[in-house]
Amino acid sequence: MTALEIEALNRAPAGGLLRRTAASHIGFSVPDVAVAADFYGRVLGLAPQAVLPVGGVRQAVLPVGGVRLGWGTGHHVLDLNAGAPRLGHIGFEVRDDSGLDGIAKRLADAGCPVEPLDPAYADEAVTAAGGIATADPDGNTVHFHGPVRRPGETIADTARRPIRYQHVTLATDDIAAMVEFYVTVVGFRVSDLLSDAGFAWLRSNRDHHTLAVVRTGETGLDHYSFDLAEWVDFKSWCDRLTEQEVDVTWGPGRHGPGNNLFVFFDDPAGNHIELSAEMEKFHDDRATYSPRRWDPIPRSVNLWGGQLASWRRTSRG
């Protein structure tokens with residue numbers, strides 16, 4: 001699929017344009033759950049909320065299953081399960097009126113699998129709100145659920161934990177199928193893309209992107225991102241990472257698409273984590289936007305000099 005064809009998808013009538021849907025939670029497996037849980041507690045302030053089930057049965061101790069992490073008593077952020085490193089699922093909170101029903105209908109009409117969200121893997125907030133699970137064209141499990149409680153999520157000590165989980169970027173070998181699914185079936189919009197159609201940024205609320213897809217020749221998780229409050233927090237966070245003996249692997253810098261500030265580091269399992277701030281906002285209820293095409297060069301994804309992370313490639317660099 002070319003960049004022009006992706007733009008045409010964005011202009012096609014959607015079954016339901018999402019305007020109040022946000023990244024909600026993410027789950028993946030790691031070789032050592034205890035080590036990973038300790039890392040996320042020390043570095044990002046995420047605390048255990050529950051022990052995850054094995055075979056549908058909740059366990060009493062951590063090592064045999066996994067752990068659910070979050071901030072305070074609100075909705076969870078991260079599920080860690082024991083196993084070889086791989087993406088388990090991604091989740092989105094749908095606050096659009098009739099949005100969840102609309103997504104379920106469009107998935108069914110498109111012949112996509114639709115199942116109720118398994119209560120064994122949903123916290124009480126999700127279960128009360130209702131939810132569904134499906135699979136995208138790459139086979140990634142995707143959760144959609146209604147509004148949940150998030151007490152205290154934006155009032156934390158921003159020098160010691162991020163404000164919120166903000167977006168996820170998926171690796172793929174088929175940009176066309178992934179964009180078509182998330183745009184024409186789910187209801188996302190394309191904000192920006194590389195002119196060779198190797199990277200696309202998709203929005204489901206005012207944020208420039210809550211989901212992105214990048215062509216890497218692989219499938220699964222590329223990276224996921226947390227929001228910081230503002231630019232001044234980046235100094236504190238880079239110092240904090242140094243104190244925790246966590247290397248900064250990319251940044252600080254500023255992306256072209258989204259115009260957001262960023263810094264990257266890895267968890268013990270090698271998952272790429274981004275800290276971000278100042279993301280561009282879109283107002284689809286007041287203006288009409290067309291996707292912008294960025295040159296596939298390093299300076300597009302890092303305006304501050306074109307430096308790239310070791311795992312990131314563009315078509316010309």
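The values are calculated or read from the model by the stated rules, or taken from the named source; none is laboratory data. Since the model is a prediction, treat every value here as computed from it, not as a measurement. Cβ placement follows ideal geometry from the backbone for every residue including glycine, while neighbour counts extend to all protein chains displayed.
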Inset, instruction - Exactly one condition in (1) within 22 Å of VAL168 (Cα to Cα); (2) modelled with pLDDT of 95 or more is not met by TYR121; state its number. - result: (2)
Inset, instruction - Tell me, yes or no, whether segment 158-168 has at least one residue that is under 22 Å from PHE282 (Cβ atoms) and among the hydrophobic types (A, V, I, L, M, F, W, C). - result: yes
Legend entry - Every residue from segment 241-270 that is within 30 Å of ASN81 (Cβ to Cβ), surrounded by fewer than 19 Cβ atoms within 10 Å (Cβ to Cβ) and touching a Leu at 6+ places or on another chain (Cβ under 8 Å): ASP247, VAL248
Legend entry - Checking TRP304 against (1) loosely packed, with under 14 Cβ neighbours inside 10 Å; (2) assigned to a strand (DSSP E or B), the condition it does not meet: (2)
Inset, instruction - Kindly indicate whether GLU218 is surrounded by fewer than 21 Cβ atoms within 10 Å (Cβ to Cβ), outside the structural domain of LEU44 (by TED's automatic domain parsing) and in contact with a strand residue (DSSP E or B) (Cβ under 6 Å, 6 or more places away or on another chain). - result: yes
Inset, instruction - Quickly run through segment 263-289 and pick out the residues that are out of contact with any Pro (no Cβ under 7 Å at 6 or more places or on another chain) and not in a loop (DSSP other than H, G, I, E, B). - result: PHE264, PHE265, ASP266, HIS272, ILE273, GLU274, SER276, ALA277, LYS281
Legend entry - Verdict on GLY217 being at positive phi and at pLDDT 95 or above: no
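Considering only segment 236-262, how many residues are in a strand (DSSP E or B) and more than 17 Å from the chain's Cα centre (by Cα)?
Residues of segment 236-262 that are in a strand (DSSP E or B), as a first pass: 250-254, 261-262.
Those left that are additionally more than 17 Å from the chain's Cα centre (by Cα): 250-254.
Of the residues in segment 236-262, 5 are in a strand (DSSP E or B) and more than 17 Å from the chain's Cα centre (by Cα).
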Legend entry - Members of segment 40-64 found to be modelled with pLDDT of 75 or more and not in a strand (DSSP E or B), listed by number: TYR40, GLY41, ARG42, VAL43, LEU44, GLY45, LEU46
Inset, instruction - Output the number of the condition that VAL33 fails; it satisfies all remaining conditions of (1) of a type in the set (Val, Ile, Thr); (2) at pLDDT 80 or above; (3) over 27 Å from ILE273 (Cβ atoms). - result: (3)
Inset, instruction - Return a yes/no flag: does segment 97-115 have any residue that is surrounded by fewer than 22 Cβ atoms within 10 Å (Cβ to Cβ), among the basic types (Lys, Arg) and outside any helix (DSSP H, G or I). - result: no
